[in-house]
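Report on the following structure.
The values are calculated or read from the model by the stated rules, or taken from the named source; none is laboratory data. All of these numbers come straight from a predicted model, not from anything done at the bench. A quick note on method: Cβ atoms are made from the backbone with ideal geometry, for glycine too, and the neighbour counts reach across all protein chains shown.
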Amino acid sequence: MLGMNLHAIVRGSITSVHPDETVTLYQSDGQAVAYGRVTPYYKEPITIAAQIQPNAENSLDHSENVPDMPHTEQMFVDSSQLLPVDGISRVPLCRTGDIIQREDGTYWHISKVLEDWSAHAGWANFEITQLVTPPVLQTRPAPEPEPDPEEPDEGEGNLSLIHIPSPRDA
């Protein structure tokens, strides 16, 4: 039973008061470990519309520990099962570990999936945490091509034997 989609009913009212923001999404694509150093990889960035609002946890908890608390907000995005990303269905659209860049240039880490209504109402809600320093965003390097066994390696087959006569040959 799907029921009533309240999000679709109130969406126009929400965006008339607080418009969506265009953000750049960097989806996590795994990581590599070499010599004890972890390198995260991200897919090519995509642009999505997001509704970013203050997180309810930010309200009164700041009174004593302002320097110790990260700045978090919540982000709502359209995320249906019919929305393919890079040829595969990744539902919800965002996951923990992804990075977004807001219009003001700040970077935010998706730290929690708060609500996932992708299958029923076509949206999801995430907690995002502001990053103090911009992340290093790199895509996964292309794999090295396998050598063709029919083709000789560079330098192979180019050897020439040069006969240098010795005094005995004379």
Tally of residues being at pLDDT below 85, within 14 Å of residue 129 (Cβ to Cβ) and surrounded by 17 or more Cβ atoms within 10 Å (Cβ to Cβ) across the stretch 63-104: 1
Selection within the stretch 33-54 - loosely packed, with under 12 Cβ neighbours inside 10 Å and at negative phi: 33, 34, 37, 38, 44, 47, 54
For the list (1) at pLDDT 75 or above; (2) within 18 Å of the chain's Cα centre (by Cα), I need the number of the one condition that residue 115 fails. (2)
